[in-house]
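The values are calculated or read from the model by the stated rules, or taken from the named source; none is laboratory data. Everything numeric here is computed off the predicted structure, so don't read it as measured data. Heads up, the Cβs are rebuilt from the backbone with ideal geometry, glycines too, and the neighbour counts pull from every protein chain shown. We work out accessible area using only protein heavy atoms, side chains counted, and drop any ligands, DNA or RNA first. Shrake-Rupley method; radii C 1.70, N 1.55, O 1.52, S 1.80 Å.
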Amino acid sequence: MLGAIIGDIVGSAYEFNPTNDYNFELFPAEADFTDDTICTIAVADALLRQRPFGESLHEWCRRYPYPKGGYGGRFAQWVMSNNPQPYGSFGNGSAMRVSPIGWWTNDQRELLCLAKQSAECTHNHPFGIKGAEAIAMAIMDCRLNFKSGKYAATPANILRYGIHNALQLLGYEERFELNLEEYRNRFDETCQGTVPVALYIVMTSQSFEDALRRAVSLGGDADTLGAIVGSIAEPIWGIPTWLKQRALTYLPPRHAQSPPHLPHPTCANIIYFSGGISGGGRGGGRGRRVRGTGGGGRDRRRRASRDRRGCSRGLR
């Protein structure tokens, strides 16, 4: 999930000041985390705390009401509502925040169920749900097939072993070709216009940094495309240490240290605890449970836990 956060930060300065220069500055003075990072952290927090995704998203976004670039219009209304309801969106927000789920499980049915749950609290249009499912699937498949060095990260292997299942979810058959020039300088906030582009950029890249540079220099929705591309590129190539260290400096200063226990959630210590997620599967992410407080919280966690069990049985 750190790949998504780095992609968000790197792309943030170019969302409303687009560039086609591949050699753009990665961390200019204007760079910062945006709503993409906040929502990604919220999804990780929901998994770790066994909370409903919508509840976690609502809480985290209210904690950071004025991120760089703000929130999209309808999502902003959802954040400000005291009774937030899904609003039929097929925006790419469902795909940019889903990356923790790709590290959470090795089971395809559970992954698709969790991705659907993470999307439908806001983006309950079929395209919004499908975008989240496809990106989560690509992350899981890339993690299982490339992170261990099982396959070399060639375009053919990325297509076959990394993004094939995701493309099938999107309705693509064996042939997958895009002309990226048709998407250059086009600001498209939909899953339909973003998810296939992200998959194609990853397939044709050579490294984590190369993938981010290709995504941002396309001149579109730079932070969100960067976040989605970064989330898939991470399990294929890993992240250079210097990029990790630099990105973490953009978190609020009071969140800079990760305590050994988690009395309350912050960006930095959610990332710290999400190191368990990065192990993948039930024995990885689920080893680090975090206690909440209050009877209401326990009731919500029980409901979320029932939903998660339904996902693990493939019933939802």
Buried (at least 17 other Cβ atoms within 10 Å of the Cβ), under 15 Å from the mean Cα position of the chain (by Cα), over 20 Å from H164 (Cα atoms) and of a type outside the set (S, T, N, Q): does that describe A222?
-> yes
Got a number for residues in the range 34-57 being at pLDDT 95 or above and part of a loop (DSSP other than H, G, I, E, B)?
-> 1
Check whether at least one residue in the range 183-200 is without any contact (Cβ under 8 Å) to a residue 40 or more places away in the chain and more than 24 Å from P126 (Cβ to Cβ), and report yes or no.
-> no
Scan E209, E181 and give me the residue that is farther than 24 Å from T40 by Cβ and among the acidic types (D, E).
-> E181
Scanning the range 19-58 residue by residue, those in contact (Cβ under 8 Å) with a residue 40 or more places away in the chain, out of contact with any Ser or Thr (no Cβ under 9 Å at 6 or more places or on another chain) and more than 19 Å from A247 (Cβ to Cβ) turn out to be R51, P52, E55
Could you list, in sequence order, all residues of the range 154-191 that are touching a Pro at 6+ places or on another chain (Cβ under 8 Å) and surrounded by fewer than 12 Cβ atoms within 10 Å (Cβ to Cβ)?
-> N185
Residue satisfying condition, being touching a residue at least 60 places away in the same chain (Cβ under 8 Å) and open to solvent by 10 Å² or more (accessible area, probe 1.4 Å), within set G69, G7 | G69
Quick check: anything in the range 101-123 out of contact with any helix residue (DSSP H, G or I) (no Cβ under 9 Å at 6 or more places or on another chain) and either touching a residue at least 60 places away in the same chain (Cβ under 8 Å) or surrounded by fewer than 20 Cβ atoms within 10 Å (Cβ to Cβ) (or both)?
-> no
May I ask you to list the residues in the range 10-25 that are closer than 14 Å to D210 by Cβ and either hydrophobic (A, V, I, L, M, F, W, C) or surrounded by 24 or more Cβ atoms within 10 Å (Cβ to Cβ) (or both)?
-> V10, F24
Within the range 77-100, restricting to residues that are in a helix (DSSP H, G or I) and open to solvent by 30 Å² or more (accessible area, probe 1.4 Å), the one that is farthest from E189 (Cα to Cα) is M80
